[in-house]
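First comes the structure, then the notes that go with it.
Here, each number is a calculation from the coordinates, and none is a lab measurement. Since this is a predicted model, take the numbers as computed values, not measurements. Quick reminder, even Gly has a Cβ in these numbers, built from the backbone with ideal geometry, and neighbours come from all protein chains shown.
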């Protein structure tokens, strides 16, 4: 690749990592950036999936303060997240992506909308004094993680929405849980893509280095933004990505 393209990917990766680990969507920057430097859509998806491990690793290294008391939650739900994402990765490698890519904008928009109305839904659920069942939580998380392994753009928004509505009502903690669950679930798909997929390694390295730096910075940014402001920013990122994906299928 052209050296300037690699610089653009590295700098854009820093921005993508900050957005993703502060609660937004890494793909909002990373996926369009890969397309902009001339990488075809499917190859960009595979390359981005490998590169964005950097963001997840960086955010996980900084997630400790927001994960206090959640060790049992991670032990319980990591296998669900990993299995779902692996299923999605296998589906991506063996089936056409055309049909699924058409519904991606609507999934992302739905996740962003859930974030906006989450306080009202949580308040309603508190008044009912009923917890969301384990089965419903597992089904929702599995669906999001299959999507994460298959396409991934916006899966962070969807995962935050699921966590807020089922396991963790505090946004910063839900965001930290999301970061750890996603990076753990992305490891095996990245290996599959590296072996069986078409990955542009120079682009993945440049973007990955940038997202790693952004991932280390992101949690500090998230802790300094008011909760409601962060929720609106995440949702706005989701709607922005949904529009972009709809206009650029």
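Overall shape: oblate for the stretch 132-214, with the ratio a/c of the largest to smallest alpha carbon gyration tensor axis at 1.5 or above and b/c at least equal to a/b. Scoring 230-240, 67-77 by mean Cβ neighbours within 10 Å over their residues and listing the highest first yields 230-240, 67-77.
Using only Cα atoms, tell me the angle between helix 155-166 and the longest principal axis of the chain; keep it within 0 to 90° and round to the nearest 10. The angle comes out near 10 degrees. Sorting 3-14, 177-188, 82-93 by average packing, meaning the other beta carbons within 10 Å per residue, from highest down gives 177-188, 82-93, 3-14. Mind running the shape call on the stretch 52-98? Use the C-alpha gyration tensor, a ≥ b ≥ c as the square roots of the eigenvalues: rounded below 1.5 for a/c, prolate if a/b tops b/c, oblate otherwise. The shape class here is oblate.
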